[in-house]
Amino acid sequence: MRLHLSGLLFLLVISLPSGNGLVGNDGVSVRSCTVVGGKCFFGCRQGWQWMMYCFSIFSCCKELQKEVKPPQAFEFD
């Protein structure tokens, strides 16, 4: 039982910084971040540019344009 809980906690923790949760994550809207056209996450996703901090914990990230995105930013099926 203890191993199952630690494994679940590990999966949750590694999914938080990238902003890719199991149910999807559109980020948090904070006024200072939305003014510059961004959203707040625990860390910037691939293909997003870091702008500033939101509440000293989150990172304000702005999505890069399609021509500038690295290949890792695109999801392949």
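The values are calculated or read from the model by the stated rules, or taken from the named source; none is laboratory data. Worth saying up front: this structure is predicted, and the values here are computed from it rather than measured. Counting neighbours? That spans all protein chains shown, and the Cβs are built from the backbone with ideal geometry, glycine included.
Of all residues in segment 17-25, none satisfies being modelled with pLDDT of 75 or more, more than 19 Å from ALA73 (Cβ to Cβ) and in a loop (DSSP other than H, G, I, E, B). Among the residues making up segment 26-50, those that are part of a strand (DSSP E or B) and of a type outside the set (A, V, I, L, M, F, W, C) are LYS39, GLN49. Annotation note: Cβ proximity below 6 Å between a residue of segment 25-50 that is more than 12 Å from LEU64 (Cα to Cα) and a residue that is of a type in the set (Phe, Trp, Tyr) (sequence gap 6+ or interchain) occurs for GLY27/PHE41; CYS40/PHE58. Restricting segment 38-47 to residues that are more than 8 Å from the chain's Cα centre (by Cα) and modelled with pLDDT of 85 or more, the residue that is farthest from GLY27 (Cα to Cα) is GLY38. In the set (1) at pLDDT below 70; (2) within 14 Å of the chain's Cα centre (by Cα); (3) of a type in the set (D, E, K, R), ASP77 fails one condition alone, (2).
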